[in-house]
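A short worksheet on the structure shown next.
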Amino acid sequence: MTKKTPPKRIDDVGMRVSSIPVKKKSVRFPEGHQIFRQGDPADCVFLIQQGVVKISIVNEKGKEAVITLLEAGDFVGENCISNGSPLRLTSASAMKPTGRAGYPEKGDVPGSP
């Protein structure tokens with residue numbers, strides 16, 4: 001018998017993350033908005049509060065490969081923490097109107113419209 005994973009609850013994640021003592025700012029993006037591009041500075045992590053975000057990578061010939069689609073409760077940009085890269089390795093764009101909370105390491109939330 002397979003164990004089912006309970007659905008993500010943005011309220012639970014949001015409550016835990018909101019207690020972290022760092023600068024936070026909620027931002028809304030329209031459909032199609034480029035949140036960050038491959039090669040941009042990797043200076044913050046985002047929690048998706050609503051909507052869908054496409055994560056993709058572009059090769060040297062300009063061909064895009066979609067890696068995944070993320071939704072409410074998922075984090076975006078956390079790979080810059082795990083691999084220590086100063087630059088984004090992927091691009092992120094809003095596939096549906098998206099609300100996210102930004103958790104920058106310093107300064108303001110980049111990519112804000």
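Restricting the search to segment 22-37, which residues are in contact with a helix residue (DSSP H, G or I) (Cβ under 8 Å, 6 or more places away or on another chain) and either exposed (fewer than 14 other Cβ atoms within 10 Å of the Cβ) or assigned to a strand (DSSP E or B) (or both)? Even if it seems obvious, please write down each step before you answer.
Initially, segment 22-37 is screened for residues in contact with a helix residue (DSSP H, G or I) (Cβ under 8 Å, 6 or more places away or on another chain), giving 24.
If the condition is that a residue be in contact with a helix residue (DSSP H, G or I) (Cβ under 8 Å, 6 or more places away or on another chain) and either exposed (fewer than 14 other Cβ atoms within 10 Å of the Cβ) or assigned to a strand (DSSP E or B) (or both), then no residue fits.
Hey, can you tell me all the residues within segment 46-77 that are of a type in the set (V, I, T), closer than 17 Å to R88 by Cβ and either in contact with an Asp or Glu (Cβ under 6 Å, 6 or more places away or on another chain) or crowded, with 17+ Cβ neighbours inside 10 Å (or both)? If you could, list the steps in order and put the result at the bottom.
Here is the first cut: in segment 46-77, the ones of a type in the set (V, I, T) are 48, 52-53, 55, 57-58, 66-68, 76.
Retained after the next criterion (residues that are closer than 17 Å to R88 by Cβ): 48, 53, 55, 57-58, 66-68, 76.
Residues satisfying the conditions are I48, V53, I55, V58, V76.
Find the residue count for segment 38-79, including only residues that are outside any strand (DSSP E or B) and over 21 Å from G99 (Cα atoms).
Applying the first criterion (outside any strand (DSSP E or B)) to segment 38-79 yields 38-40, 42-43, 51, 59-63, 72-74, 77-79.
Cutting the leftovers down to over 21 Å from G99 (Cα atoms) gives us 39, 59-63.
Going through segment 38-79 one residue at a time, the tally reaches 6.
Sort through R100, R88 and tell me the only one that's modelled with pLDDT under 85, among the charged types (D, E, K, R), at negative phi and buried (at least 18 other Cβ atoms within 10 Å of the Cβ).
Values: R88 fails: modelled with pLDDT under 85.
Answer to the check: R100.
The values are calculated or read from the model by the stated rules, or taken from the named source; none is laboratory data. Since the structure is predicted, the reported quantities are computational estimates derived from the model, not experimental observations. Heads up, the Cβs are rebuilt from the backbone with ideal geometry, glycines too, and the neighbour counts pull from every protein chain shown.
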